[in-house]
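Below: one structure, written as C-alpha cells.
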Amino acid sequence: MRADAMGCAGHPCVRTPNLDRLADDGVRFVNAYTPDPICVPARASFTTGNYPHKCTGSKSNSGRILDDQIKIAELFSQNGYVSYASGKLHYVPYSPPGTPRLLHGFDHAVLHESGRIIKSFDPTGNTPGLEDYHDYLKTVGWGGYERAHGVGNNDIHPAPSPVPEEHYVDTWICDEAMAFLEQHGRDHADKPFFMFMSSPKPHAPYDPPRPYDTMYNPRDVPPPFRAEEQGKPRRTPTKFREMITHGWDLWPPQCHQVARAYYLGQITLQDKQIGRMLSFLDERGALENTIVVYTADHGDLMGDFGFFAKCAFYKGSANIPFIISWPKILRKGTIADQLVGLQDLLPTLASLAGLHLPREVDGIDLSPLLRGEEFTEREFIVSYCLSDPTQLYMIADKRFKYAYSQAGGTEELYDLLKDPDELLNVVGDPGTDETIQTMRKRLANWARENDELSILDGDELKRNDDNETANVEFLPSTMGWRWF
C-alpha cells in the first residue's frame, strides 16, 4: 500500500472515505518509511521493534524471528490481552500439516498467505488446514477460484477476480476479524483485545472483484512518474534487471494505466472493509477507547520510472501509510512530518497501553508526539533490503533521500523539498558533493553502530562492478507465476 494512494494524502481520484475519517480522528505521518521494502523482513520489524538483521538475521524475504526477540502479540497476551490475527502474517518458515502454526504469540488466528503455505506442502490445494481462506472458498462454492483468472501471485498483470465481493479475500478477512471480536465479547468481556486485521491487498495480482475492476477509468488515473535525468540510467540496477526479466519495458503506457486503475479498485474495496470494522467497533461503544493503526509493510511502484513492486527506495515502494487514531486520548486531525518507521509501532503501542518493554528495541516511542507533548525526533532514518552482492540501502532526512546500490556503486540523491516525486537524481550536480559525503558518512556510521557490517568495505561502502552481478539471480526475478 503506497502512502500517497489515499484521499487524505492528496490522491486526485482514489476514494478512501474511511481512511480519510481515520486520519481526521488521529495522527497521519507523512514521512513514514518501511525499514525493509520486502514483506517478511518488514513484518518481522513490526513484530519485534528491531531492524530485520537483528530480529531474523536476514534482509531478504526469509528468516525466522529469533526466540530472544520481544514479539508484539506475545507481549500483549502476557499482559492480560487476548490477541487475534486475521489474514496475512507471513511468519516463516511455514509449519507442515499437522503441526502447530508459527504465530509468534497470537492466541487465535485464521490465515491467508496467498497460496504460500499451499505451495510449500500441497500445490494441488487439496490438503485442508493449510490456509483458512482457501478452505473457506470451498464451503461457499468458490473453491480454487482465487487464482482462476490465470494470474500468478506477484505477477504484474491486471485481471478481475472471478470471486465475488462478498467472498473476496479482504471481505473474508474483515468478516473473520469481526467474528473474533464477537466471540471475544462473549468469552473475554473483562479483557482487552489486540487485533491484527491484515490484508494481502493492495498487491499483485491486481485482481479486484467486480465492480471494483471498472470503478476507475484508466484514462483518468494519474500516470506513473518518469525520470528526468538524461543519458545513462542512474537508477537502482536491480530494478532495471527486473524490468527486463518481467517485460515491463515492453508494456504500452495504457497497460500501466489499467494496472493502476485496478490497484485503486483494490484500495477502495479495502477501505470499505476498514469502514465496516470502524462501524462494528462504534456500534458496540468501543471505538473511542480503541487504538487503531493503519499501515503497510511496503508500497508498490506501480509503473513509476518503469518499475513495479517493491525492493527500491522511491517513495512508491519505501514510503508507507502510517495513521494512529485513539480519539479519546490522542490529537485529532494532525499531520506529522517526523521520520517514523514500522519499528516504532511496538514501543509506541506498548507505551500507550502502559506496558513495560523488557529490553530496548530499535524503534522509538511516539506516544509523547501523539499526545502533543515534548518529543525528540530522529535526525535521519535508514532502510535496506537484499543481501551481498545486491544490497540496497537508503538514508533519508526531511530534506534529502540518499540511496545506494552495492551493484555498480550506484548512488541516487533526491532533494525532497524541491522534488518530492524524486524525478531527478542530482548526484554529480554542482553543489551536491557535500550532501553526498554527509549521507555516506551517516550511513557508514549507522552500519557500524548497529553491527550491520555487510555493506562496509573498511571505511567505505562496499561496491562491486556492475558486470560482476549481471548474472546473479535476484530475488524479484523469481517472483510471479505461482498459482498456489
**Message:** Going by what's in this entry, would residue 209 be described as modelled with pLDDT under 95 and open to solvent by less than 50 Å² (accessible area, probe 1.4 Å)?
**Reply:** no
**Request:** Name the single residue, out of those in the range 321-346 being among the polar types (S, T, N, Q) and surrounded by 17 or more Cβ atoms within 10 Å (Cβ to Cβ), that is farthest from residue 369 (Cα to Cα).
**Result:** 343
**Request:** Kindly check whether there is at least one residue in the range 407-418 that is open to solvent by 20 Å² or more (accessible area, probe 1.4 Å) and touching a Ser or Thr at 6+ places or on another chain (Cβ under 6 Å).
**Result:** no
**Message:** Would you confirm, using the coordinates I've provided, whether residue 88 is in contact with a strand residue (DSSP E or B) (Cβ under 6 Å, 6 or more places away or on another chain), more than 21 Å from residue 195 (Cα to Cα) and either crowded, with 21+ Cβ neighbours inside 10 Å or of a type in the set (Ser, Thr, Tyr) (or both)?
**Reply:** no
**Prompt:** Does residue 274 fit the bill of being more than 25 Å from residue 155 (Cβ to Cβ), surrounded by 14 or more Cβ atoms within 10 Å (Cβ to Cβ) and among the β-branched types (Val, Ile, Thr)?
**Reply:** yes
**Fill in**
So, first residue surrounded by fewer than 18 Cβ atoms within 10 Å (Cβ to Cβ) in the range 97-112, second residue in a loop (DSSP other than H, G, I, E, B) and aliphatic (A, V, I, L, M), Cβ within less than 7 Å, six or more apart or across chains; the pairs are 97/130
**Request:** Taking only the range 364-406 into account, find how many residues are in contact (Cβ under 8 Å) with a residue 40 or more places away in the chain, open to solvent by less than 10 Å² (accessible area, probe 1.4 Å), closer than 30 Å to residue 328 by Cα and over 20 Å from the mean Cα position of the chain (by Cα).
**Result:** 1
**Asked** If you take the residues in the range 428-439 that are of a type outside the set (S, T, N, Q), at pLDDT 95 or above and open to solvent by less than 60 Å² (accessible area, probe 1.4 Å), which one is farthest from residue 230 (Cα to Cα)?
**Response** 439
**Request:** Just give me the residues in the range 119-151 being open to solvent by less than 60 Å² (accessible area, probe 1.4 Å) and farther than 19 Å from residue 167 by Cα, in sequence order.
**Result:** 122, 127
**Request:** Identify all residues within the range 361-378 that are part of a loop (DSSP other than H, G, I, E, B) and either farther than 15 Å from residue 336 by Cα or aliphatic (A, V, I, L, M) (or both); write none if there are none.
**Result:** 361, 362, 363, 364, 366
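Mind checking which helices (runs of 4 or more DSSP H) fall wholly inside the range 115-216 and carry at least 2 residues that are farther than 26 Å from residue 3 by Cβ and touching a strand residue (DSSP E or B) at 6+ places or on another chain (Cβ under 8 Å)?
Passing ranges, in order: 132-139, 169-187.
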**Complete:** In the range 407-442, anything closer than 26 Å to residue 387 by Cβ, under 25 Å from the mean Cα position of the chain (by Cα) and in a loop (DSSP other than H, G, I, E, B) is listed as 422, 425
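For the range 229-330, please list each of the helices (runs of 4 or more DSSP H) lying entirely inside it that holds at least 3 residues being over 30 Å from residue 402 (Cβ atoms).
Because the criterion is at least 3 residues that are over 30 Å from residue 402 (Cβ atoms), the helices (runs of 4 or more DSSP H) in the range 229-330 that meet it are 253-283.
The values are calculated or read from the model by the stated rules, or taken from the named source; none is laboratory data. In this text the structure is predicted, and so the values were computed from the model without any measurement. All Cβ positions, even for glycine, are placed from backbone atoms using ideal geometry, and neighbour counts span all protein chains on display. With ligands, DNA and RNA removed, areas are computed over all heavy atoms of the protein, side chains included. Shrake-Rupley method; radii C 1.70, N 1.55, O 1.52, S 1.80 Å.
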